[in-house]
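Chemist: Below are the structure tokens for one structure; questions will follow.
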Ligand code: AMP
């Protein structure tokens, strides 16, 4: 089956055409600056990157350009769009109503729309992408794969906030969690890679990228995760603060005479390691270089990031009453040896021992802990597109 995987952001669109039988990517790329001007990157497997600049007022034009590139007689990888069997869409928020992947119908579209205020940057773009594909490829199945779905197995003690019940009842205010496709894929790959018994397994996945979250996965199901109603809760991230005392909001709003929305923008876009490094960078490559050159703010940013990760891992080991495996993934988890080393330095008490030679590796599945470590630690690159492709095939084959 040829599955077109689409991941729409507010002004961007990433895509991959995957052959589900071989799980090979036939072509991939992205459209940027949608609604501003428009720029498309297209790369067929084994071929050169092509860059096309053309107006993209909406996601519709962006998807039209992607489809034209896929069937372009010179560099395309398909003879006609009939060869696309299904489209898999990453959708941020399914709320409490859509708790697993679905073939998109009117009800699914309505729920995605109802969740606009829970995912104001992503859900409208996700729906636009779905509607554009429906218009440009009528009759093809579109599958929505939700970032929140994997976390729907959390028990109430993990997902309820200790605020008046009326807010839960009226507005469904609760922890939802995000990066679910990645946590599901990586925890599943960990179980396979280490030969664990899924029904008797305790895995902690640390997805550390520009956005970062951790999940506790017991017997293959999510027991807890660090992001909340929105992706702001939990770990310190590139530009997001993660956990903080909510009273900080009122204090700063009152003293700086700014609105709650302005403050939330600051907590999402101007905080995290970017803020702790005194606005040096949100990218760990820059922070590591600066730290090695004696920059104290960069060192503090990295230390605080790792400390928060370690605190969450410790609390999830407690939540599951033990842990068999800890897996690092995401741009930082897969590449930044310094972060893995600092995080693991907190876990002598769990009998975790890291192999420094292994820690030099990056970008592949590998075991980071020594054979006598009481808990196995590994690195498994995430592949959300492949996970979306697999979900899409499963749903379409069952329909
Ligand atoms: P992601 O959001 O998962 O794509 O991760 C992106 C982040 O990963 C970047 O902002 C960097 O902080 C980090 N990153 C990517 N490559 C490296 C690397 N080679 N060393 C350290 N950090 C990296």
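No value in this document is a laboratory result; all are computed from the given coordinates. Owing to the predicted nature of the structure, the values given are computational and were not obtained by experimental measurement. Neighbour counts are summed over all protein chains in view; Cβ atoms, including those assigned to glycine, are modelled from backbone coordinates with ideal geometry.
Chemist: Of the conditions (1) touching a residue at least 60 places away in the same chain (Cβ under 8 Å); (2) closer than 29 Å to residue 113 by Cβ; (3) assigned to a loop (DSSP other than H, G, I, E, B); (4) under 16 Å from the mean Cα position of the chain (by Cα), residue 185 clears all except one; give me its number.
Modeler: The number of the failed condition is (3).
Chemist: If you take the residues of the stretch 218-233 that are in a loop (DSSP other than H, G, I, E, B) and buried (at least 24 other Cβ atoms within 10 Å of the Cβ), which of them is farthest from the ligand (Cβ to nearest atom)?
Modeler: Looking at residues that are in a loop (DSSP other than H, G, I, E, B) and buried (at least 24 other Cβ atoms within 10 Å of the Cβ), I get 226.
Chemist: Here is a further query. Have a look at 278, 324, 289 and point out the one that is more than 22 Å from the chain's Cα centre (by Cα), over 21 Å from residue 227 (Cβ atoms) and in contact (Cβ under 8 Å) with a residue 60 or more places away in the chain.
Modeler: Just a single option satisfies the conditions, and that option is 324.
Chemist: Report yes if some residue within the stretch 126-143 is surrounded by 24 or more Cβ atoms within 10 Å (Cβ to Cβ), without any contact (Cβ under 8 Å) to a residue 60 or more places away in the chain, touching a strand residue (DSSP E or B) at 6+ places or on another chain (Cβ under 9 Å) and not in a helix (DSSP H, G or I); otherwise report no.
Modeler: yes
Per-residue answers, yes or no, for (1) within 20 Å of residue 322 (Cβ to Cβ); (2) more than 21 Å from the chain's Cα centre (by Cα); (3) in contact (Cβ under 8 Å) with a residue 40 or more places away in the chain; (4) surrounded by 17 or more Cβ atoms within 10 Å (Cβ to Cβ):
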{"site": "340", "(1), (2), (3), (4)": "no, no, no, yes"}
{"site": "345", "(1), (2), (3), (4)": "no, yes, no, no"}
{"site": "351", "(1), (2), (3), (4)": "yes, yes, no, no"}
{"site": "361", "(1), (2), (3), (4)": "no, yes, no, no"}
{"site": "379", "(1), (2), (3), (4)": "no, no, yes, yes"}
{"site": "385", "(1), (2), (3), (4)": "no, no, yes, yes"}
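Chemist: Give the residue, chosen from 113, 100, that is touching a strand residue (DSSP E or B) at 6+ places or on another chain (Cβ under 8 Å) and surrounded by fewer than 18 Cβ atoms within 10 Å (Cβ to Cβ).
Modeler: Going through 113, 100 in turn, the sole match is 100.
Condition check ((1) touching a helix residue (DSSP H, G or I) at 6+ places or on another chain (Cβ under 6 Å); (2) more than 15 Å from residue 391 (Cα to Cα); (3) in contact (Cβ under 8 Å) with a residue 40 or more places away in the chain) across all residues:
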residue	(1), (2), (3)
4	no, no, yes
51	no, yes, no
68	no, yes, no
73	no, yes, no
88	yes, no, yes
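Chemist: Now, a different point. What number of residues within the stretch 299-315 are more than 12 Å from the ligand (Cβ to nearest atom), surrounded by 18 or more Cβ atoms within 10 Å (Cβ to Cβ) and over 21 Å from the mean Cα position of the chain (by Cα)?
Modeler: Residues meeting the conditions: 0.
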